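The values are calculated or read from the model by the stated rules, or taken from the named source; none is laboratory data. This one's a predicted model, so the numbers in the text were calculated from it and none came from an experiment. Cβ placement follows ideal geometry from the backbone for every residue including glycine, while neighbour counts extend to all protein chains displayed.
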């Protein structure tokens, strides 16, 4: 996928219904530290969850869950949403899939490389840190 140069921010969000209207919540850090300003009008693009549609239409067995949305060696830019019990940063990608990123803190935006992928969690290392996040 090609990403345009004028992209201001990228994040995962859930569509929420309220009184017959639908909303996407913008994370606070995008307003506090990013290029998004309250009261301005922006264009939004919605991307799928990243799960590829099956082309053979073979039904999945009940025990077969979806495949992880990341692969070893893949690079991504993610927001660290919290820290785990061991102090490592936690990021979430498609479908809420957890990526553990050591040596990061909540609120950081980092470019990572996926180093290990498990069924429910992946591990990554930091390649680059975005400067405008604390």
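Could you tell me whether segment 120-132 includes any residue that is part of a loop (DSSP other than H, G, I, E, B), modelled with pLDDT of 90 or more and buried (at least 18 other Cβ atoms within 10 Å of the Cβ)? Within segment 120-132, none of the residues are part of a loop (DSSP other than H, G, I, E, B), modelled with pLDDT of 90 or more and buried (at least 18 other Cβ atoms within 10 Å of the Cβ). Within segment 79-90, the set of residues being touching a residue at least 24 places away in the same chain (Cβ under 8 Å) and surrounded by 14 or more Cβ atoms within 10 Å (Cβ to Cβ) comprises 79, 80, 81.
Listed by position, the strands (runs of 3 or more DSSP E) contained in segment 1-104 that have at least 1 residues being modelled with pLDDT under 90 and under 18 Å from the mean Cα position of the chain (by Cα) are 15-18, 21-24.
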